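The values are calculated or read from the model by the stated rules, or taken from the named source; none is laboratory data. Computed from a predicted structure; not experimentally measured. In this analysis, Cβ positions are derived from the backbone assuming ideal geometry, glycine residues included, and neighbour counts consider all displayed protein chains. Just so you know, the surface numbers come from the protein's heavy atoms only, side chains and all, with ligands and any DNA or RNA stripped out. Shrake-Rupley method; radii C 1.70, N 1.55, O 1.52, S 1.80 Å.
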Amino acid sequence: MPNLLRPAALVAVTLLSACGARQNPPTEPSAASAQASQPAAAEASTPTPPELRLPGDVRPTAYTVELTVDPKATTFQGTADLDLEVVKPTSVVWLHGKALTVKQATLIQDGAAIDVKPVTGGTDFLGFSLAKPLEKGAAKLRVVYEGIASEKDTDGAFRVNEGGDWYVYTQFEPIDARRVFPSFDEPGFKVPWQLTFHVPAGNVAVTNTPQVSEESGPNGGRTFRFARTQPLPSYLIAFGVGPFDFLPAAPSGKKKVKTRIITPKGRTVEATYAAEVTPQILGALEEYFGIPYAYEKLDVLAVPLLGGAMEHPGLVTFNSRLLLSRPDEDTPGRQRAFSNTQVHELAHQWFGDLVTMAWWDDLWLNEAFATWMTPRIVETWRPTWDAPVERVTERSDALDSDSLLSARRIRQPIESQNDIVNAFDGITYGKGAAVLSMTEEWLGRDVFRRGIQRHLKAHAHGNATAKDFLTALDAESGKDVTGMMNTFLDQGGAPLVTASLECGAEGSKVVLTQKRYLPLGSKAPGPQSWRVPVCVEYSADKKEGRVCTLLEGERTELALTDAKTCPAWVFPNAEGAGYYRMQLSGEAAAKLTKVGLDSLSRAERVAFLGDVRALAMAGALPASEALALAARTANDKDRVVTEASLDLLDLAGMRLIPEAKQEERARFLRDTYGPRARQLGFTPKKGESEDTRLLRGRLVRLAGREGGDPKLVTEARTLADAWLKDKRAVAPEMVDTVLSIAAGHGDAAFQQKLITAVRTEKDRKTRQQLIQALGGFTDPQLAKQSFSLILEKDLDPRESIGMFFGPRNPRTSAVVFDFVTQNYEKLVGDSPDALLPKDWAARMAFVGFGVCDADKRKQVADFFTERNARAPGGPRLLAQVLESVDQCTALKEAQGQSIETFLDQRSAPKPPQAPKSR
């Protein structure tokens, strides 16, 4: 599953989709209430349920499940037969089960039935008390039950109305298979599953394995029986039921497995690109791993409400907007997003599916590897996509996340369900991938690849731990990889490596020191050090060289033995491969800035720009110098360098600048970026590069929405009005940009047009674009009017809540905060009538990301501290929000004057030049 948890795009990236007319779902009983309705649950002495993990005295060896699923119904019925291995005698069998109503349970051992009594097990556990203890050996448990197909959730089993037809989809990772199956819902329980579905006429069922039979049922219904899976944990099981259509793709992999894209009815043409590239991607992955794809088929299923994608073997699921696009509306950005995500998901077929983590503390073995693998495959499959340079950008993003003291470790102990929920973050994905990239460069690509193959072959179809993987790398490389990597896996934060250049009679050397990087507003928790692979590039004697070391302890010296003269410059992070922030001191900084920057590779320039921003955030560099660098690189011909320089503009964010200086900020943006944005315009030109098309939207939006460039604003408003009447009036890749600018400078009349359109729009993609635009008004009164739509019954809140998660604007941050706090119970409260599931409650605290002063921080803390303590993943998320506010407040205090001075200088009228003499 790709990471969608970066705060700025946490939910907006999912572009949550809407059902048709909402029906209020029935109250979802907890497992406890479901069991309490059974007579047996009234026993005086109730066994104590587990708190987090199942006890391990009973293990599953196989599941056989029959489900009756009607997409038009709010419930489904199931019969689950569990083959069990009793490890030690016990009088109670604990499973996971959530919101399941048990109708009947039977247990057989040695051919004899044992009386079973359901017992209360809290919200996540199903207990079965036995009339006599089970003995060691085999047993069989049958549970007949009913569950919820929710219109409110996007986890477990949930229902979607698409084009007037109802569908049921599933999403189980991390801990929601228990909403559909009584099961041992932990990754360490990896066993075969066999599923059968009874569905109404006009529907089909799909799941992980090939269909083995189809039979007629009552009233035109059908029964679909599927082959038994290879060993899988519960979170990797998936299914869909509905009137699907299928687009065949070329057979995939060395085994030529059947490959299809599965879409809602009538939409197979939108899967054309996915069908073309999916077999190519799988083939590239097979070649890297040296192991054929292990599963019997490869279906890819479009799911309208899914957040991102999910790697179920044999049935990979994708958010429909990420997977599908009409060929005449497709864009380079959409195609790259799908392809990168598909590499990630199909890489999981080896890391995650074939070899599965033993417990959630090693989630990074799944997600960091799939994230790391994406640029590794794309760089050769699509070399023009700049994957190696994009990797450096993602490394910088991970370092930002890691700058928080409240950030997790990569390998964080799992002590509660909160820790499981929190594990799906930028640390697991981004930091994990960056540390793997650094390790690969340290060991060499061939050695690293052989270590991966050794690990996968040793643990195929089983479970593994970090120790297993690191042992494989140790053995293959002959180095202490475990010792190095553990310093990054088992502690939070990242090093700041400072390099100074010393030249003398005895030669030249670079002195390296390390300490934890911390931005302003975060205080060092105590001394920390890492074992850091560092490669220094330098130029001496009119040629470039590279020398590497493992920085251990606080300080080391690295001799530049091949440099006969003092180097013209040094750069202590070759290719941006190291997971650390870099600082040059003294003469080394001056030399690089003066003569070395143009000699750096593209990846190194991107790394350098990210580190300049980080140094300003830490108070080690005046913000004015970083902003001046942004201005100098504004017209760089290289897209990835330009985009990296745009990140420096965070130092001139609206939150950091007083209201009286906002116009100077806007003038700086339109003067610096407006000319290039106006030249690019709103319309792609025939024959231009994909890089130009990818850059256009970002630059035009920056100069238009934030810079207020009058020409761009006027044209955007004209185009927006035209698009509302004719969707062909704006290039598909520029629709969001046009609407964003028009809303940012929009009035009540334009807002009313959007509201009227969103209430009647049937196309999901268009409706989501309208909702996103409605969240972009900067006038507080208009913003308040937009947010009120979230409470309307005719709009699905899973979709409309996306208004909250776009770019923050200080002018509307108070409106957002007031709306959430005043409507918290309606949105995510304990009532069954709450618009959103409880899993959303923690995310409500994201409204605090718009805050940058101590008084408002207190308001956020006062309101959310108790509430987030009760929300899944809530405590750590709130801590990160509050620490981010502290960092912003400290940055504004320390760098505010530098920022204002820079803006004053940029906006000051330039003195007239004296006429040149003839």
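Quick check on L877: is it surrounded by fewer than 22 Cβ atoms within 10 Å (Cβ to Cβ), among the hydrophobic types (A, V, I, L, M, F, W, C), part of a helix (DSSP H, G or I) and within 22 Å of the chain's Cα centre (by Cα)?
No.
What tally of residues in segment 377-431 results from selecting those that are open to solvent by less than 30 Å² (accessible area, probe 1.4 Å) and either of a type in the set (A, V, I, L, M) or assigned to a helix (DSSP H, G or I) (or both)?
Number of matching residues: 25.
Do any strands (runs of 3 or more DSSP E) entirely within segment 520-617 hold 1 or more residues that are farther than 20 Å from R395 by Cα and open to solvent by less than 30 Å² (accessible area, probe 1.4 Å), and if so, which?
Counting at least 1 such residues, we get 532-540, 543-551, 555-559, 569-571.
Looking for whichever is in a helix (DSSP H, G or I), more than 23 Å from E151 (Cα to Cα), of a type in the set (A, V, I, L, M) and touching a Pro at 6+ places or on another chain (Cβ under 9 Å) here; the options are A894, A842, A861, A890. Which one fits?
It is A890.
Out of all the residues in segment 229-253, which are without any contact (Cβ under 8 Å) to a residue 60 or more places away in the chain and either within 20 Å of F181 (Cβ to Cβ) or not hydrophobic (A, V, I, L, M, F, W, C) (or both)?
Correct list: D245, P248, P251, S252, G253.
Taking the condition of being in contact with a helix residue (DSSP H, G or I) (Cβ under 6 Å, 6 or more places away or on another chain) and over 20 Å from F469 (Cβ atoms), how many residues in segment 420-442 meet it?
Looking only at that region, the number is 3.
Here is a check on your reading of the model: is F787 in contact (Cβ under 8 Å) with a residue 60 or more places away in the chain, open to solvent by less than 10 Å² (accessible area, probe 1.4 Å), out of contact with any Asp or Glu (no Cβ under 7 Å at 6 or more places or on another chain) and not aliphatic (A, V, I, L, M)?
Criteria not met by F787.
Can you find, within segment 168-194, the residue that is nearest to K98 (Cα to Cα) among those that are more than 24 Å from the chain's Cα centre (by Cα) and surrounded by fewer than 23 Cβ atoms within 10 Å (Cβ to Cβ)?
F189
In segment 126-167, which residues are free of Cβ contacts under 8 Å to residues at least 60 places away in the same chain and either within 32 Å of the chain's Cα centre (by Cα) or buried (at least 24 other Cβ atoms within 10 Å of the Cβ) (or both)?
Answer for segment 126-167, where residues must be free of Cβ contacts under 8 Å to residues at least 60 places away in the same chain and either within 32 Å of the chain's Cα centre (by Cα) or buried (at least 24 other Cβ atoms within 10 Å of the Cβ) (or both): F128, G156.
Exactly one of (1) in contact (Cβ under 8 Å) with a residue 24 or more places away in the chain; (2) assigned to a helix (DSSP H, G or I); (3) more than 19 Å from P304 (Cα to Cα); (4) among the polar types (S, T, N, Q) is unmet by Q772. Its number?
(3)
Restricting attention to segment 297-348, and to residues there that are charged (D, E, K, R) and more than 23 Å from N366 (Cβ to Cβ), which single residue is most open to solvent (accessible area, probe 1.4 Å)?
The selected residue is D328.
Hey, could you check segment 730-762 for residues that are closer than 24 Å to L669 by Cβ and open to solvent by 60 Å² or more (accessible area, probe 1.4 Å) and say which is farthest from the chain's Cα centre (by Cα)?
Step by step, filter segment 730-762, then rank; the result is D747.
Say we look at segment 442-470 and pick out the residues that are open to solvent by 60 Å² or more (accessible area, probe 1.4 Å) and in contact (Cβ under 8 Å) with a residue 12 or more places away in the chain; which of these is nearest to P527 (Cα to Cα)?
Residue satisfying both the conditions and the ranking: K467.
Just for segment 693-729: of the residues that are within 25 Å of T642 (Cα to Cα) and outside any helix (DSSP H, G or I), which one is most open to solvent (accessible area, probe 1.4 Å)?
Ranking the candidates gives G708 first.
Determine, yes or no, whether K88 is open to solvent by 10 Å² or more (accessible area, probe 1.4 Å), in a loop (DSSP other than H, G, I, E, B) and free of Cβ contacts under 8 Å to residues at least 60 places away in the same chain.
Spelling it out, K88 is indeed open to solvent by 10 Å² or more (accessible area, probe 1.4 Å), in a loop (DSSP other than H, G, I, E, B) and free of Cβ contacts under 8 Å to residues at least 60 places away in the same chain.
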